[in-house]
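Here the structure is laid out as structure tokens; the discussion comes afterwards.
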Amino acid sequence: MLPQRSRLSVLIFLIPPLALYGIAVLLPIFQSLFLSFFDWDGISPMTFVGAENYITMLTGDTVFWKAFGNTLGYVAICLVLQLGGALIVASLLTLLRRGREVVKTLYLLPAVISTVAIAFLFQRVYSLDPVGLINQVLAFIGLGNVQHAWLSDVSTVLAAVSIPEGWRFTGLYMLIIYAALLAVPAELEEAAKIDGASWWQTFWRIRFPYIRPVWITTTVLATTNALRGFDIPYLLTNGGPGQSSELLTTYMYKTAFTSTNYGYASAISVFVVIECLVAVGIIFLILRRKADA
Amino acid sequence: MKHRKLFAAAATTAALALLLTGCGAGGSSGSADPTNIHPTGDIKPREISWLLSRPADGGVITAMKQIADEYAKDHPGFSLNLISTPDRPSYIQKYETLAAANQLPELFDTDATPFAQKLAKQGKMMDATALLKDLGVYDDYRPAALNYQRFDDGSLYMVPFEFQLEFFWYNKALFQQAGVQIPTSLDDIPAMCTKLRAAGITPIALDGQDQWPLERYMSYYPFRTAGPDYIQSLKKGDAKLSDSTGTAAVNWLSTLGTAGCFQDGFSSTGYSDAQASFTSGKAAVYNIGTWELGSLATDKLDPAIRDNIDYFTLPVTKGSVTDANEYVSPSGIGMAVNSKTYDPLVRDFLSFALKRYPAVYAATGALSPTTNVSTTIPANATPLYQRAVDQANTVGDKTAMPWDTQLDPTSNTRLQQELTLLLQGETKPDEFISTMDGVIGENGPKAFK
Amino acid sequence: MSTLSLHRATSASATERPQPTSRRPKRNLQSRITGIIVAAIVIVQVYPLAWLFITSVRTEQDFAGGNPFAFPTQITFDNYARAFANGNLGLNILNSLIVTVGAIVVIVFLGMMGAYALQVLGFRFSKFVRGLFLIGIIVPVQVALVPLFVDYAQAGLLNTYQSIIIPLAGFALPTSVYLFSSFYEYIPSEIYEAASLDGAGPYRIFGQITLPLSVNTMVTVAMVNSIFIWNDFIFANTFVLTDGLKTIPLGLQNYIGAMGKVDWTATFAAVCVSITPLLLVFLILNRAMTYSLASGATKG
């Protein structure tokens, strides 16, 4: 702490960022809470409905629960792809002798492409008629009979919309984990190997505990990012077929901006806020406890 | 203590903002009288904007640009700013949010939706009957074109700029190959599909991604068996899909699904892919309107199949209450005139533009919403073009309204989703009916209060 | 765990890397296999992008009729001509640039100020303020859409650059504050004390000491955020209403025509044009970027 700070100077530095943050983030959260007790279509007067939006949402809205389930599935697939993929590639990368920089760059490339472009791209990748990339590869390796309209089948569509999201950011998480892995002291691992520990043991008992703090951060980042998932399902399938790829975020968006039911959409928003706080709480609980054990 | 004061300040601001929100939004902000089509004052040229949802290089925009340029010559300082969002769902969202923000421009496109009706009731749109009559052009319009724009109570707030007929285009060679005839009844279609499938042909190409094409199929059967009034009572919750009309329609749709009428993976097929499937000779039938005449009835078509293309109109059913010459004949999304910004200039420009428009538009090869001009057939047209254009003069009085312009948005979104599931065989007809009756029962009556 | 690692550590120092020559062939094989696996993963990762560029130079007929994944029979740049004719790509890129630069400047400077107040100046309730900022990292941005839309409509801010910049900067601010404050932790307090003794107040210290020292972190913050802001779809899609303000993601959306008709090859050409600026920046600043992304996220 600076000895010569004054109350005023603290305020001068603190107020501008806090004001922006308040206007852009905190105020809207409060407003959502407020709006969620009203029925409002944007052009007619607002009417107070008490907890009715919440009651409908939690007890009577099957789409809402479907979307909630889908969101969990979406997050799970994204996490497996992003964290699992990132960990594997980062580990492989540490074994590589040459070309690490090139691989890192290429691997990160998808992150710079806008989601609209990615949606256009994957529409063609998954397509059946005309035959898209995946179906062509399947035909090429003799699996023509499993060719599929991946975005039309209710059982594959959720995975199909999650994969692009996972794909696009694996590179980012890989970089983070790779940097952490490099920081693991080589002596520790060498020693373990010489003691006859298998690769898996070395990994699990030496490397992983070492990178655990980074792993927690990465998990939180990936989870909150996946919970924010919106663009790709919205653009690729618009939640369909049926509600098979509807997420809470896309459902909230449609309720607000297609059905112009701003009150109900706000109730969904409030639920999403709570869901995210709970998710982050759970991550800390699980990963911290493991660290203590 | 510092932060507590700070937080108190933030909370006060928040409360204040909320208060403002509560009071400010939604009220009718002193709009002008929507029937006062003769505003007083001078014509002061300025830029006026038209928020629209039409293809950027299409006939309407081309014609209106030309007309605006002509008008600007005599009225220096005038310009028409065309803001087009062709993608319809994005457009609707944009226009509804602008309306909520009370920031609609002078002219804006809308279908006769429940949302538009609310705007009309709040006096935010000019009365189009009064306007067109005053300009002396009302009687030039095809009655069907005006009727398409009307709200349920018969009032008219939107001006049509197009007139389209929706046909079932088909490939004669593929029909012959599979040994099928043009269906005379809607009930013939499933059998037709089965035969085409058996011959290894995609029966019907469908753009499932954009939802509205499939929703058309939902509207066909009730239009034949119960007439155009059915959807008007259904959307308010007065009629149910569980009654005989609705059940018959849903069962028919379900048989379309089981007969494999649409290509595999139709729900993720886009507009261009569906059309390509038909124009490349893969699919036998394609249901689309005359706005595609340029692609389907000109030499742009692959010579190999050009002469095999023909069309038939919506088949009837046994005991059909509507005639064979009555089907979907939309006059496109209509243009509404914002009453808040309506002034002598807007009136003068509309007077000039609406009188000039039919001739300019018909010259582009399109069907005018009026009857006082004849369409110029393009030089590269096939004989089908002329036939399709002439067909417009034989259209009956009743028109099959697309359901996406009729239902409230929540029911509409849900219907589109459930239709895909029904056609894919994921839900049974009775589940479909009970789901949709529930959703419409909950949202419809509220929307049409 | 601790005894185990201790044991390993001692044995490591005892056997000073012997590297017997007999083990080399095995290691070679292993690293070759690793190389092949990595190459395969990289191909999966990059192939869709290559395909994007290939498609953008295909003829329409080649794309619609032929095999869309084979090499093009002939190369055409007509798609690019159509892409530029049908859209406002130049304007879209300019708008994206304005929004990105605007938001980044705000994020960097307000982030620095916030971190300075929290970390360097310090005050009684700094923990509470930090907690407040944590909310912004956790909560998804969609929550702000409806309220912000309503607020903007009231304030007449809809359809302005500010309307996109405010939420983008607001939601990115917490990470920025955290990054700067974790960096400020490492600035030794002696420096500040010395400056204070020389009579420098908090403003001079900020301008003459903290700010110049922060340059690296500034680059990190700017880079981490620029990817997300350049590609933002949701705020722009909600708050931008006219063509003149459309950013790249919205401009691309414009290639979907009436009733859902898409000119695919022109769209892919437009996609290629739209990703080129960021791609170039990315490839040029490659090292700095990968470094800052990794360090940025680990510290955050």
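The values are calculated or read from the model by the stated rules, or taken from the named source; none is laboratory data. Keep in mind that this is a model prediction, so the values were computed, not measured. Please note: Cβ atoms are built from the backbone with ideal geometry, for glycine as well, and neighbour counts cover all protein chains shown.
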If you scan segment A:195-219, which residues turn out to be of a type in the set (A, V, I, L, M) and out of contact with any Phe, Trp or Tyr (no Cβ under 8 Å at 6 or more places or on another chain)? A:ALA197, A:ILE206, A:ILE211, A:VAL214
Answer from C:THR265, C:THR217 - the residue that is modelled with pLDDT under 85, under 30 Å from B:GLU292 (Cβ atoms) and more than 9 Å from every other protein chain (Cβ to nearest Cβ): C:THR265
From the residues in segment A:189-205 that are closer than 15 Å to A:THR94 by Cα and either in contact with a His (Cβ under 8 Å, 6 or more places away or on another chain) or surrounded by 16 or more Cβ atoms within 10 Å (Cβ to Cβ) (or both), which one is nearest to the other protein chains (Cβ to nearest Cβ)? A:GLU190
Candidate set from segment A:133-162 (those that are within 26 Å of the chain's Cα centre (by Cα), in a loop (DSSP other than H, G, I, E, B) and of a type in the set (A, V, I, L, M, F, W, C)); member that is surrounded by the fewest Cβ atoms within 10 Å (Cβ to Cβ): A:VAL154
Looking for whichever is out of contact with any Gly (no Cβ under 6 Å at 6 or more places or on another chain), assigned by TED's automatic domain parsing to the domain that holds C:PHE133 and in a loop (DSSP other than H, G, I, E, B) here; the options are C:GLY207, C:GLY199. Which one fits? C:GLY199
Can you say whether B:ARG356 is under 30 Å from B:ARG46 (Cα atoms), touching a His at 6+ places or on another chain (Cβ under 9 Å) and part of a helix (DSSP H, G or I), as far as the supplied structure shows? no
Can you tell me which residue among C:GLY136, C:GLY90 is away from chain B (no Cβ under 13 Å), surrounded by 15 or more Cβ atoms within 10 Å (Cβ to Cβ), of a type in the set (Gly, Ala, Ser) and part of a helix (DSSP H, G or I)? C:GLY136
Here are B:ALA336, B:ALA324, B:ALA363: which of them is among the small types (Gly, Ala, Ser), outside the structural domain of B:ALA199 (by TED's automatic domain parsing), over 24 Å from C:PHE63 (Cα atoms) and modelled with pLDDT under 95? B:ALA363
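Yes/no matrix, rows are residues, columns are (1) among the basic types (Lys, Arg); (2) within 14 Å of chain A (Cβ to nearest Cβ); (3) in contact (Cβ under 8 Å) with a residue 60 or more places away in the chain:
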| residue | (1), (2), (3) |
| --- | --- |
| B:ALA248 | no, no, no |
| B:ALA276 | no, yes, no |
| B:ASN287 | no, no, yes |
| B:TRP291 | no, no, yes |
| B:SER295 | no, no, no |
| B:ILE309 | no, no, yes |
| B:PRO315 | no, no, yes |
| B:LYS318 | yes, no, yes |
Sole exception among (1) within 14 Å of chain C (Cβ to nearest Cβ); (2) surrounded by fewer than 16 Cβ atoms within 10 Å (Cβ to Cβ); (3) closer than 20 Å to A:LEU227 by Cβ; (4) more than 19 Å from the chain's Cα centre (by Cα) for A:GLY84, by number: (4)
For segment A:94-123, which positions are free of Cβ contacts under 8 Å to residues at least 24 places away in the same chain, on the phi < 0 side of the Ramachandran plot and over 23 Å from the mean Cα position of the chain (by Cα)? A:LEU95, A:LEU96, A:ARG97, A:ARG98, A:ARG100, A:GLU101, A:VAL102, A:VAL103
So if I check each of B:THR375, B:THR413, B:THR399, which one is free of Cβ contacts under 8 Å to residues at least 40 places away in the same chain, under 19 Å from B:ALA145 (Cα atoms), buried (at least 20 other Cβ atoms within 10 Å of the Cβ) and of a type in the set (S, T, N, Q)? B:THR375
Check whether at least one residue in segment C:112-122 is out of contact with any Phe, Trp or Tyr (no Cβ under 9 Å at 6 or more places or on another chain), at the interface with chain B (Cβ under 10 Å from one of its Cβ atoms) and more than 18 Å from C:PHE171 (Cβ to Cβ), and report yes or no. no
Please work out which residue is surrounded by the fewest Cβ atoms within 10 Å (Cβ to Cβ), limiting yourself to segment A:221-255 and to residues that are within 18 Å of A:SER152 (Cβ to Cβ) and of a type in the set (S, T, N, Q). A:ASN238
Quick check on segment A:208-258: of everything there that is under 21 Å from B:GLN416 (Cβ atoms), among the aromatic types (Phe, Trp, Tyr) and outside any loop (DSSP other than H, G, I, E, B), which residue is nearest to the other protein chains (Cβ to nearest Cβ)? A:PHE257
crowded, with 22+ Cβ neighbours inside 10 Å and either at pLDDT 85 or above or of a type outside the set (Asp, Glu) (or both): does that describe C:ASN159? no
Given the conditions (1) in contact with a strand residue (DSSP E or B) (Cβ under 7 Å, 6 or more places away or on another chain); (2) buried (at least 18 other Cβ atoms within 10 Å of the Cβ); (3) free of Cβ contacts under 8 Å to residues at least 40 places away in the same chain, every one holds for B:ALA128 apart from (3)
Of these, A:PHE13, A:PHE48, A:PHE30, A:PHE37, which one is over 30 Å from C:ALA115 (Cβ atoms) and free of Cβ contacts under 8 Å to residues at least 12 places away in the same chain? A:PHE48
Residue check, B:GLN122 against (1) in contact (Cβ under 8 Å) with a residue 12 or more places away in the chain; (2) surrounded by 20 or more Cβ atoms within 10 Å (Cβ to Cβ); (3) within 14 Å of chain A (Cβ to nearest Cβ), all met but one. Which one? (2)
Please return the ranges of strands (runs of 3 or more DSSP E) entirely within segment B:38-113 where 2 or more residues are over 22 Å from the mean Cα position of the chain (by Cα) and touching a residue at least 24 places away in the same chain (Cβ under 8 Å). B:47-52, B:79-84
Looking at segment C:142-151, is at least one residue among the polar types (S, T, N, Q), buried (at least 19 other Cβ atoms within 10 Å of the Cβ) and either more than 7 Å from chain A (Cβ to nearest Cβ) or out of contact with any Asp or Glu (no Cβ under 8 Å at 6 or more places or on another chain) (or both)? yes
Criterion (within 28 Å of the chain's Cα centre (by Cα), buried (at least 22 other Cβ atoms within 10 Å of the Cβ), among the hydrophobic types (A, V, I, L, M, F, W, C) and closer than 27 Å to B:PHE115 by Cα) met by exactly one of A:LEU27, A:LEU35: A:LEU35
Where a residue in segment A:145-158 is more than 10 Å from chain B (Cβ to nearest Cβ) and more than 18 Å from B:GLY270 (Cα to Cα) and its partner, wherever it lies, is aromatic (Phe, Trp, Tyr) and assigned to a loop (DSSP other than H, G, I, E, B), with Cβ under 6 Å and at least six apart: A:THR156/A:TRP150
Residue tally, condition surrounded by fewer than 18 Cβ atoms within 10 Å (Cβ to Cβ) and either under 26 Å from the mean Cα position of the chain (by Cα) or at the interface with another protein chain (Cβ under 8 Å from one of its Cβ atoms) (or both), over segment A:45-60: 3
